[in-house]
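Here the structure comes first, spelled out in structure tokens, and everything after it is commentary.
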Amino acid sequence: MPGEVTLLHSPASPVAVQFDGEIDASWAAQAQHRLVEALLHHRPDPIVIDLRGAARLDPRVVGAILATIEAAGDLDVPIEVLLGSADPTGGLLASA
């Protein structure tokens, strides 16, 4: 399944960065851009990183997600990571 990274925002819900399909290394820059956009341009709105539709994430994408979680903490922006039944990060976000 081809991958897609989408930024979703509506006034009635939190900002969401949604990951679907296989997010390989070619998606790393776009994923990082979407995450930074959510964090900086929609602050102080809560951010949801939705990984329920992701089949696989490249380690660089996981790194961008972890950096976003850390930056959100530094900026006091609430953040939530949604994982489906299969964790596409291989457990790397379990402690985040």
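Each Cα pair under 8 Å and six or more residues apart adds its sequence gap; the mean of these over the residue count of the stretch 1-84 is a relative contact order of 32 percent. Model label sites at S85 and A25, defined 7 Å from Cα along the beta-carbon direction, differ in position by 3.2 nm. For the stretch 1-85, the equivalent ellipsoid derived from the Cα gyration tensor has semi-axes of 20, 14, 11 Å, listed largest first.
Computed packing ranks the peptides 27-37, 48-58 as 48-58, 27-37, most packed first, by mean other Cβ atoms within 10 Å. Neighbours of E80, meaning other residues whose beta-carbon lies under 13 angstrom from its beta-carbon, give a summed charge of -1 when Lys and Arg score +1 and Asp and Glu score -1.
Give me the percent of DSSP beta bridges within the chain that run antiparallel, rounded to the nearest 5. Close to 35 percent. Near L8: Cβ cut-off under 15 Å, other residues only, Lys/Arg at +1 and Asp/Glu at -1. The net charge is -4. Between D74 and E4, the modelled label-to-label distance comes to 3.2 nm, taking each label 7 Å out from Cα in the direction of the beta carbon.
For the chain, what % of the accessible area comes from carbon and sulfur atoms, probe 1.4 Å?
On the chain, the fraction of accessible area on carbon and sulfur atoms equals 54 percent.
When shorter helices are ignored and each DSSP H run of at least 4 residues is given -39500 (n - 2.57), the per-residue value for the chain at 222 nm works out to -10000 deg cm²/dmol.
The values are calculated or read from the model by the stated rules, or taken from the named source; none is laboratory data. Being a predicted model, the structure only gives us computed values, none of them experimental. Cβ: placed from backbone, ideal geometry, glycine included. Neighbour counts: every protein chain shown. Side chains included, ligands, DNA and RNA excluded: accessible areas come from the protein's heavy atoms. Shrake-Rupley method; radii C 1.70, N 1.55, O 1.52, S 1.80 Å.
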